[in-house]
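A.B. asks: For reference, the structure I am asking about is given below.
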Amino acid sequence: MKRYYYIVWIVLCCFCSCKDMFYREVTFQNSNEPQQLVLYAALRQGFSPYVVVRHTFPADTTSKDEGLVDNAWVHTRVNGVDLPAKQSGEMRSFTSHDPLHPFDSVEISVVHPDYPTAYVKTVIPAPVTVRDTSWGLQDNYWTAISVELDAYTGNSDDMIGFECAGTLIAKRKRSPLRDTLHISMLYSADPVFALADNFEQSGYYGGNVKSILYIPASALQQPRRVELIADTRWERQKSDYEEVQVSSMKLAVFSCNRDYFLFDRSCRKYAGYKYMDAPSGVPGKQRTMTDIMDNLSYYLGNQEMVQVYSNVEGGLGTVAAISVQLVDLK
C-alpha cells in the first residue's frame with residue numbers, strides 16, 4: 001500500500017516550556033488529510049518572540065510554496081497583555097520588540113480564513129545558574145570540563161541541556177602542517193545522564209555529532225558538579241599529532257521544557273540515529289546486523305509512517321522556550 005508522509009518544517013532553534021503544555025502525537029494516514037497550520041517559534045529569554053507560520057503538505061507531491069502561508073494574523077499575549085497583532089507576509093514571520101524574561105507566560109494564536117485557528121501557550125523557563133567552570137586538555141587529548149551548577153529554581157519537569165563547541169590545533173608529526181580539528185562530541189561518565197534518554201557506549205553517555213546531553217531538572221534540586229568530556233573526530237590517528245592545543249572552547253548550558261526535549265529526541269529517531277560512537281581511544285560495541293539494517297533504512301527511506309509531535313492546539317508544530325547560559329571557556 002502506498003504510504004504518504006506530511007512534512008512539517010520545525011527548526012531546532014525553537015524551544016518551549018510549560019508543565020501544562022498541550023501535547024499530542026499525530027499520525028497521518030493518506031494524502032487526503034486536510035492541511036493544517038504549522039507554527040514554530042524561537043522563544044528565548046532576553047530576545048523578542050519570533051514566530052514562523054507554515055502549512056502541511058504531502059511529501060510525495062511537488063509544492064512550489066514549500067508550505068509557506070500568506071495573510072495569517074499572529075496574535076501574541078505576554079503575561080496576559082496583548083501585543084499588536086502582526087500579519088505574516090513575505091518573511092512569513094512575526095517579531096515583537098518586547099524581550100522575554102524568565103517565567104513570562106506567552107500565548108500565541110494564528111488566525112487564517114482557510115485553516116482552523118492554531119493556539120499554543122508556554123512559559124519561559126528559569127535560567128540555569130553556572131557557578132564556576134574549569135577545563136583542561138588531558139594526555140589523551142580529551143578536553144575535561146567541570147561545571148558547578150546551583151540548584152535549579154524552575155519547573156521540575158524542565159530539562160537541562162549541555163552543548164559544546166570548540167577547536168583544537170594539532171601539528172602533524174614529521175610535517176610542518178597543522179590541522180584545525182572541530183570538537184563535535186560531548187560525553188560524560190556521570191550516571192545522572194542515564195535519566196534523560198542519552199545514548200550509552202562503554203560506560204560513557206553522549207549523543208551524535210553536534211548533539212546535546214540532557215539531565216532532568218529534577219536531578220538539579222541541589223547544587224551539583226557535572227563532569228563532561230569534549231572530543232573530536234580525529235582526521236588521523238592521535239599518534240600522528242603533537243603539540244595539540246585548545247584554540248577555542250564554548251559551553252552552552254540551557255533549560256528547556258520537556259516538550260522540546262521530546263521534539264529533539266523525535267528528530268533523532270526520524271534521522272535514524274540509534275547508537276553513538278564511543279569517545280576516541282575507547283573500544284566501542286561492535287555494530288550488529290540489526291544496526292546496519294537500521295542505518296540502511298535511514299538512507300532508503302522509512303517504511304512506516306512518521307509520527308509528528310506537536311504541542312499546538314488546532315494545528316501542528318513545536319513552539320518552545322529556552323533560557324541559555326553561554327560560557328566562554330577559552
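A.B. asks: Regarding the stretch 149-162, can at least one residue be identified that is part of a strand (DSSP E or B) and open to solvent by 20 Å² or more (accessible area, probe 1.4 Å)?
C.D. replies: Looking through the stretch 149-162, none of the residues is part of a strand (DSSP E or B) and open to solvent by 20 Å² or more (accessible area, probe 1.4 Å).
A.B. asks: Of the residues 111, 106, 53, 74, which is aliphatic (A, V, I, L, M), modelled with pLDDT of 85 or more and either under 30 Å from residue 218 (Cα atoms) or part of a loop (DSSP other than H, G, I, E, B) (or both)?
C.D. replies: 106
A.B. asks: Here are some conditions: (1) open to solvent by less than 70 Å² (accessible area, probe 1.4 Å); (2) at pLDDT 90 or above; (3) not in a strand (DSSP E or B). Residue 89 meets all but one. Which one does it not meet?
C.D. replies: Among (1) open to solvent by less than 70 Å² (accessible area, probe 1.4 Å); (2) at pLDDT 90 or above; (3) not in a strand (DSSP E or B), residue 89 violates only (2).
A.B. asks: Before we move on, is residue 194 open to solvent by 20 Å² or more (accessible area, probe 1.4 Å) and within 26 Å of the chain's Cα centre (by Cα)?
C.D. replies: yes
The values are calculated or read from the model by the stated rules, or taken from the named source; none is laboratory data. Owing to the predicted nature of the structure, the values given are computational and were not obtained by experimental measurement. The protein model used for the area step is the full one, side chains on, heavy atoms only, and it has no ligands, DNA or RNA in it. Shrake-Rupley method; radii C 1.70, N 1.55, O 1.52, S 1.80 Å.
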